[in-house]
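Beneath this line is the structure, given in structure tokens, with notes to follow.
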Amino acid sequence: MAIPPRIALFRRRIPQSIVRPVIVRHCRCFSSCLRDAQQQKSTSQLDDGLSTTYFGFEKIATGLKEARVGAVFSSVASSYDTMNDLMSLGVHRLWKDYFVRGLDPGTNPLSASPPSNALPRGWNILDVAGGTGDIAFRLLDHASNVHNDYTTRVTVTDINLDMLAEGRKRALATPYARSSRLSFVEANAENLVNIPDNSVDLYTVAFGIRNFTNKEKALREAYRVLRPGGAFACLEFSKVNNTAFDAAYQRWSFGAIPLIGQLVAGDRDSYQYLVESIAQFPNQTEFKDMIMDAGFIVPGRGWEDLSMGIAAIHKGIKPVEGSAPQ
């Protein structure tokens with residue numbers, strides 16, 4: 001049986017023992033692809049009983065997704081900024097700056113003040129799926145430059161070694177390269193085995209959670225590692241809240257981005273997956289509900305739209321014992 005071209009691209013990167021041919025249904029337009037994917041969403045098993053998930057619009061065996069996503073990010077690691085420029089129309093840098101300013105690392109109002117004879121311990125921050133260091137560097141810069149806090153530290157975790165290598169390389173241009181304030185660790189967000197319970201003040205994930213195989217499990221892990229009163233903060237592509245603008249944005253996403261990915265990075269398939277992964281990600285209300293289901297208290301309505309919903313910031317607080325949702 002012939003393997004479709006998109007599958008062949010990834011087959012070369014996946015051990016042959018786990019490759020399972022999957023038929024890709026080619027659609028004539030974005031709307032028909034999206035409609036077909038939504039109609040299939042309720043199906044959780046393949047005909048042979050294997051559990052399934054989605055890799056973009058393609059339904060695959062759950063066990064294959066980690067390797068498939070890994071192949072995508074290994075491919076784009078060296079051109080990560082270019083990728084995000086294409087995906088966000090160039091404003092991802094502004095979103096990231098705004099995201100970090102809103103978190104204000106270095107002055108956590110939920111933490112008890114230290115005794116007068118003790119030094120502030122700084123925040124312990126976990127930046128998940130943050131391999132290239134984009135968010136980590138901003139967090140440390142903010143703590144240092146805004147609060148004169150030189151004790152806050154960030155652990156960057158990523159499942160992809162190529163992304164971590166890119167982050168370590170970029171760190172060489174910062175004051176944190178050989179500092180104990182910054183570390184890079186290979187880890188799966190769904191199983192943070194090296195992170196103790198109740199040990200993290202702030203958990204951040206930016207443009208990463210939509211690629212997780214089991215988002216609910218990752219949220220439960222976030223809840224586990226955060227201390228009571230600690231904050232979960234997510235910056236992710238979301239759903240545009242203006243119909244006319246959404247139509248234009250979808251045409252750009254599905255018509256232009258994969259083509260530009262081919263021209264700029266020589267990799268159309270990875271960029272096609274990335275735009276499909278955005279379309280498949282839950283809307284703002286659905287994701288807020290997932291955060292609450294993991295046990296978090298959600299402040300306000302639970303999210304803040306950026307650029308009319310192209311992206312959104314979601315937050316949740318791990319309750320302190322005896323506290324109740326507001």
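Averaging the inverse of every distinct alpha carbon separation and then flipping it gives the Kirkwood radius. What is it for region 181-253, in angstrom units?
Details: mean 1/r = 0.0701 Å⁻¹.
Final number for the Kirkwood radius of region 181-253 is 14.3 Å.
Full extension from T174 to L161: what is 0.36 nm times the residue separation minus their Cα-Cα distance, to one decimal in nm? Numbers along the way, then the final one.
Working: separation 13, 0.36 × 13 = 4.68 nm, distance 2.02 nm.
Length difference between fully extended and current span is 2.7 nm.
Per residue of region 169-174, in order, report the coupling 6.51 cos²θ - 1.76 cosθ + 1.60 (Karplus, θ = phi - 60°) as ³J(HN,Hα) in whole Hz, putting x for Gly and Pro.
Along region 169-174, the couplings run 5, 5, 4, 4, 8, 10 Hz.
Relative contact order of region 259-318, please, whole-number percent, based on alpha carbon pairs below 8 angstrom and at least 6 residues apart. If you can, show how the numbers build up before the last one.
On the way: 45 pairs, mean separation 13.8, N = 60.
Once normalised by length, the contact order is 23 percent.
Along each principal axis of its Cα atoms, how long is region 192-232 end to end? Whole angstroms, biggest number first, please.
Over region 192-232, Cα extents along the principal axes are 26, 19, 15 Å.
Please work out how much accessible surface R301 shows to a 1.4 Å probe, ignoring ligands, DNA and RNA, in Å² rounded to 10.
Surface open to solvent at R301 totals about 130 Å².
Would you mind checking which residues have amide H under 5 Å from V185's amide H? H placed 1.01 Å from N; only 5 or more apart, or other chain.
V156, T157, D158
List every residue whose amide H lies under 5 Å from the amide H of F55, counting only residues 5 or more places away in sequence or on a different chain, with H placed 1.01 Å from N in the peptide plane.
Here the answer is I60, since their amide H atoms fall under 5 Å of that of F55.
Under the Karplus relation 6.51 cos²θ - 1.76 cosθ + 1.60, θ = phi - 60°, what is the ordered set of whole-Hz ³J(HN,Hα) values for region 88-102, x standing for Gly and Pro?
Those phi angles translate into 10, 6, x, 9, 4, 5, 5, 4, 5, 4, 5, 4, 5, 4, x Hz.
Could you go through region 271-287 in sequence order and give the Karplus-derived ³J(HN,Hα) for each residue, using 6.51 cos²θ - 1.76 cosθ + 1.60 with θ = phi - 60°, rounded to whole Hz, and x for Gly and Pro?
With the stated coefficients, region 271-287 comes to 6, 5, 4, 4, 6, 5, 5, 5, 4, 7, 5, x, 6, 4, 5, 4, 6 Hz.
Taking only the Cα atoms of region 145-212, how large is their convex hull per residue, in Å³?
Convex hull of Cα atoms, per residue: 120 Å³.
Accessible surface of E186 in the full protein assembly, 1.4 angstrom probe, to the nearest 10 Å²?
110
Leaving out ligands, DNA and RNA but keeping every protein chain, what accessible area does T53 have, in Å² rounded to the nearest 10, with a 1.4 Å probe?
Its heavy atoms expose roughly 20 Å² to the probe.
Can you give the extra length, in nm with one decimal, that the chain gains between D104 and F245 once fully stretched, where that is 0.36 nm per residue apart less the Cα-Cα distance? Write out the running numbers ahead of the final one.
Numbers: separation 141, 0.36 × 141 = 50.76 nm, distance 3.12 nm.
Full extension of this stretch gives 47.6 nm more.
How big is the dipole moment of region 152-213 about its Cα centre under a simple scheme where the beta carbon of each Lys and Arg is +1, that of each Asp and Glu is -1, and everything else is neutral? Debye, nearest 20, please. Kindly include the intermediate steps, with their values, before the conclusion.
Details: 7 positive and 7 negative charges, 76 e Å.
Approximately 360 debye in magnitude.
Taking only C-alpha pairs under 8 Å that are 6+ residues apart, what is the relative contact order of region 205-315 in percent?
Numbers: 118 pairs, mean separation 40.6, N = 111.
For region 205-315, the relative contact order is 37 percent.
If R0 is 41 Å, what FRET efficiency do you get for S199 and E286 from their C-beta distance, rounded to 0.05? Let's see the in-between values first.
Working: r = 29 Å, r/R0 = 0.71.
My answer for the efficiency is 0.90.
Can you give me the Rg/Rh ratio for region 116-269, using Cα atoms for both radii and the Kirkwood formula for Rh?
Details: Rg = 17.9 Å, Rh = 17.3 Å.
Value, to two decimals: 1.04.
The values are calculated or read from the model by the stated rules, or taken from the named source; none is laboratory data. Because the structure is a prediction, the values reported are computed rather than measured. Quick reminder, even Gly has a Cβ in these numbers, built from the backbone with ideal geometry, and neighbours come from all protein chains shown. We work out accessible area using only protein heavy atoms, side chains counted, and drop any ligands, DNA or RNA first. Shrake-Rupley method; radii C 1.70, N 1.55, O 1.52, S 1.80 Å.
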